[in-house]
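Here the structure comes first, spelled out in C-alpha cells, and everything after it is commentary.
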Amino acid sequence: MIPQDFLQQLLDRTDIVAVVEQYVPLKKAGANYQSRCPFHNEKSPSFSVSPTKQFYHCFGCGAHGTAITFLMEHAGMPFVEAVSVLSGRVGMQVPDDGSRRPPEEESRRERMFERMEAASNWYRKNLKGCEKAVEYLKLRGLSGETAARFGIGYAPEGWQGLREALAAGIADYADPLLVEIGLVISQEDKRYDRFRDRVMFPIRNERGQTIAFGGRVLGHGEPKYLNSPETPLFHKGRELYGLHEHRRAIQGDNRVVVVEGYMDVVMLDQYGVQNAVATLGTAITADQATRLLRLAEDVVFAFDGDNAGRKAAWRALENSLPQIQDGKRLSFLFLPEGEDPDSYVRAQGADAFRTLCGTAAPLSDFLFAELTAQTDLGSQEGQVRLAKLMEPHLEKLGQAPLLKRALQQRLAGLTGLEAPRGNQRVAPNRYPTRPSGRAAVQNSSWQIALQAVLHDPVRATRMGELPHSERPEALALATLIALLREHPELSARDLVERFRGREEQTALEQAAAGLLAWDESYDVEADFQGALNTLAAQAGRAQARELSGRRPSELTPEEKFRLLASLQRRKAPSG
C-alpha cells in the first residue's frame, strides 16, 4: 500500500487543472474551470474542476475525484501507475512498500514491450508486400485506412521470419523473452515463430502498447484464429480488443457494444460504429464486465443467434450480475440467422445496426426468458422451480438493490409467490441535480454540516454530540469527525481520496460536489450554525426520551439535571 501521507503530499504538489487540461479543454468559469464532461455525452458543460479544492465533479453524471482518480477513470491507468505518473510530474519518488516491481523487473517489461512493438511493425510492413493477404482483406471489405488504424499486418510462412524483425539490434532470435511473450515457440532444441502465414491483429492495452496478437489463417489451416498465450503482458480475461481505439467514442456515446470477433470490431469501425469491443476467445469475465460498466452506462452484448451465441450471452450475464449497479443497463442482441455484426453492417449499414442494437433485450427479459424456458408455469411446482432457479442470480445483485427488488416483484407476479420483505436500504442517488443560489439551504442538517466541515475541516472541532441516524450523510459525518480529530491537517480533497472504495465515499462525493455549486453570496457559517443547533436539539430530545424511560433512582445527578433542562426547554414558549 502507498502511504496516505505520501498521497497527501503528492496531491498538495499537483495542479489538477494542469492534469485535466492534458485531456480536456477547460474554460474559466468564476472560481472554477468548466468543460463538457469527458465521461458522458452532453451538449452543455456540466464538468467542473476546482483549483482551490483540487477535485473535479460532473453535475450531469456524477463523476468525481482527484487528479489520481481522473487518470484512473479517463486515461485507464491502474492506481499505482496513476500515482507514479503524477509523482514523475512533480519530481517525487513513490516509496517502495515491497509490492512494487524492482527496477530490473521494470526494465525487463520494457524490453518485452520493445520486442512486441518490433514484431508488430514488421507484420505491418509485410502486409504491403503480400498479395494474398491484401486480397483476403479486400474480399472481406476492409479498406487500407482501416487496416492502418488497427495496425493489421501479415506473418509470412517462414519458420523463423522474426529474425528479420529483430535484426536491427533489438534482440537475438535465441532471446528467452521471445518465448515468454509468446512470439516464439521452443520445443526441444528447435525454435520457430508462433504465427506463420496469418493476417495479424495486434492487441493493445489501453495505453496503446502491443501486448499480444490474434492471427487469422489464410487458407484452410487450423485453428482458424490463433491468439497469443497468457504472458506477463497479456491476460486474455482482462483485455478487450478495440478498447484502445474506441475508448473515447464509448465514453462519448455512453454505450459499448460487445461482439465476438476482431473483424466484427474492425468492420463496424469502418462503417462508423466506433464503440465496439471484442472478447478474446473467452466468455466475458468479471474483470471485463467491471471495465465495461465503468466506461459506459449502457452495455450491449451482440452475439450470433445460434446456440453457441446464446450460451456465450448467458455466460456474459452470469459474470456481469455481481458487477452491475443500479442505473447501469445490460442488454442482449442476437443477430438474425446466418449474420454476424461484420456481415450485417456491410449489408445494412451503420444506422441499421444501431437501430438493431436498440431492440436488444434488457437483462431482465433475457434472464426471465432463459429461466422460464426451463419450467412449466402452469403448475405450482413449476412456479416454485422458477423461484428456486432465480434465487442464485438475485443473490449476485449486491450492488444493484433497486434492480434486485424489481426482479423480485416480477418474479412474484409470475409465480404468485410474494417477494421477500424487509428493511431494505436503498442506495442514495449518486447523481444529484445541480442546485443554484444558496446551494445548501434545501439540504438536510446532516448534509449542511457535512459540506461545511469539508469546506473547512477545522469546523469538526465544534461538533458536539450527534443524534443517532442511519442516513448515509450522518454516518459519513460521524466517521469524518473521528478522522479529523486525529488528522486535523486533512483537506476536502484528501478526505475524498482517503475514503475511496469505502461505504462513505458516495455521501462524501455528493457533499464535496455541493461545494462547487456555492456562489459568493452563500453564508456557509450561518447555515452551519443553524445545522449545529438543529442537530443539538435532536440529540437532546433523543437523550430526554432515553432518560425519561428510566426510573429516577437509576439516574445520576448529572442525568437528572439534563432531563430537567430538556423538559423546561420543551415547555418554553416558542415566540
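Here are a few things to note about the model shown:
- Of the candidates Gln451, Gln408, the single residue that is at pLDDT 85 or above and within 30 Å of Gln34 (Cα to Cα) is Gln451.
- Odd one out for Lys27, checked against (1) surrounded by fewer than 17 Cβ atoms within 10 Å (Cβ to Cβ); (2) touching a residue at least 12 places away in the same chain (Cβ under 8 Å); (3) in contact with a helix residue (DSSP H, G or I) (Cβ under 9 Å, 6 or more places away or on another chain); (4) not aromatic (Phe, Trp, Tyr): (3)
- When residues of segment 484-506 are limited to those that are touching a residue at least 40 places away in the same chain (Cβ under 8 Å) and over 16 Å from Pro457 (Cα atoms), the one surrounded by the fewest Cβ atoms within 10 Å (Cβ to Cβ): Arg500
- Residues within segment 236-272 that are without any contact (Cβ under 8 Å) to a residue 40 or more places away in the chain and surrounded by fewer than 20 Cβ atoms within 10 Å (Cβ to Cβ), tallied: 2
- Pairs meeting the criteria (first residue in segment 110-137 and without any contact (Cβ under 8 Å) to a residue 24 or more places away in the chain and within 17 Å of Ile203 (Cα to Cα), second residue buried (at least 16 other Cβ atoms within 10 Å of the Cβ) and of a type in the set (Lys, Arg), beta carbons under 6 Å, at least 6 apart or on different chains) are lacking.
- Of everything listed in (1) in contact with a Phe, Trp or Tyr (Cβ under 7 Å, 6 or more places away or on another chain); (2) part of a loop (DSSP other than H, G, I, E, B); (3) under 14 Å from Met263 (Cβ atoms); (4) of a type outside the set (A, V, I, L, M), the single unmet condition for Gly141 is (1).
- Of the residues Ile2, Ile68, the single one that is assigned to a loop (DSSP other than H, G, I, E, B), among the hydrophobic types (A, V, I, L, M, F, W, C) and in contact (Cβ under 8 Å) with a residue 60 or more places away in the chain is Ile2.
- Out of Leu475, Leu515, Leu508, Leu466, one residue alone is over 27 Å from Val83 (Cβ atoms) and touching a Leu at 6+ places or on another chain (Cβ under 7 Å). It is Leu466.
- Qualifying residue in segment 365-383 (condition: within 26 Å of Gly252 (Cβ to Cβ) and either touching a residue at least 24 places away in the same chain (Cβ under 8 Å) or outside any helix (DSSP H, G or I) (or both)): no
- Flag if Arg354 is modelled with pLDDT under 90 and part of a helix (DSSP H, G or I): no
- Test for Arg204: is it within 29 Å of Val85 (Cα to Cα), of a type in the set (Lys, Arg), surrounded by 20 or more Cβ atoms within 10 Å (Cβ to Cβ) and not assigned by TED's automatic domain parsing to the domain that holds Ala360: yes
- Taking the numbered list (1) part of a loop (DSSP other than H, G, I, E, B); (2) buried (at least 19 other Cβ atoms within 10 Å of the Cβ); (3) not acidic (Asp, Glu) in turn, Gly281 passes all entries but (2).
- Whichever residue in segment 147-164 is in a loop (DSSP other than H, G, I, E, B) and farther than 13 Å from Lys125 by Cβ and, among such residues, is modelled with the lowest pLDDT: Gly158
- Hey, Ala133 crowded, with 16+ Cβ neighbours inside 10 Å, in a loop (DSSP other than H, G, I, E, B) and over 32 Å from the mean Cα position of the chain (by Cα) or not: no
- Asp172 meets each of the listed conditions (1) in the same structural domain as Ile203 (by TED's automatic domain parsing); (2) in contact (Cβ under 8 Å) with a residue 12 or more places away in the chain; (3) among the acidic types (Asp, Glu) apart from (2).
- Condition met for Phe195 (in contact with a Ser or Thr (Cβ under 6 Å, 6 or more places away or on another chain) and of a type in the set (Phe, Trp, Tyr)): no
- For segment 484-497, the criterion of being in contact with a strand residue (DSSP E or B) (Cβ under 9 Å, 6 or more places away or on another chain), charged (D, E, K, R) and at pLDDT below 80 is met by at least one residue.
- Top-ranked residue of segment 385-400 - restricted to ones that are out of contact with any helix residue (DSSP H, G or I) (no Cβ under 7 Å at 6 or more places or on another chain) and not basic (Lys, Arg), ranked as nearest to Thr290 (Cα to Cα): Gln399
- Filtering Gly65, Gly76, Gly91 for residues that are on the phi > 0 side of the Ramachandran plot and surrounded by 20 or more Cβ atoms within 10 Å (Cβ to Cβ) leaves a single hit, Gly65.
The values are calculated or read from the model by the stated rules, or taken from the named source; none is laboratory data. Note that the coordinates shown come from a computational prediction; the quantities given were computed from them, not determined experimentally. Reconstructed Cβ throughout: ideal geometry from the backbone, glycine too, with neighbour counts over all protein chains shown.
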